Amino acid sequence: MTRNLALTLALVLTPAAAFAQAPDRAAIRKVCSADFQKNCPGIQPGGGRLAACLKEKRSSFSDACLTTLQQARAQRQVN
């Protein structure tokens, strides 16, 4: 995954306020990079395109990635 795509993925899915708490950008990148490369090839970061791809192809993403993203979302809601 390109550096820009990985960074955008982390920024899209995890707001800055949640970065200091579970799971961090590196964890999301590590767990989900292969899923985004496989399921969303050629998707340009920005404008919600990665989030839209995830929503559309959610069933094709690994359980580990979905769990990590769910944990990040839950942590965001707590803050």
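ARG76: net charge of surrounding residues, Cβ under 14 Å, Lys/Arg +1, Asp/Glu -1, itself excluded?
Once positives and negatives cancel, what remains is +1.
Given points 7 Å out from each Cα along the Cα-Cβ axis, report the ARG49 to ALA27 separation in nanometres with one decimal.
That separation, rounded to one decimal, is 2.9 nm.
When you count, for each residue, the other Cβ atoms within 10 Å and take the mean per peptide, how do 40-49, 61-70, 25-34 rank with the highest first?
Packing order, densest peptide first, comes out as 25-34, 61-70, 40-49.
Read-outs throughout are calculated quantities, based only on the coordinates presented, and are distinct from any laboratory measurement. What you are looking at is a predicted structure, and each value in this text was computed from that prediction instead of being measured. Cβ sites come from the backbone with ideal geometry, for glycine too, and all protein chains shown count toward neighbours.
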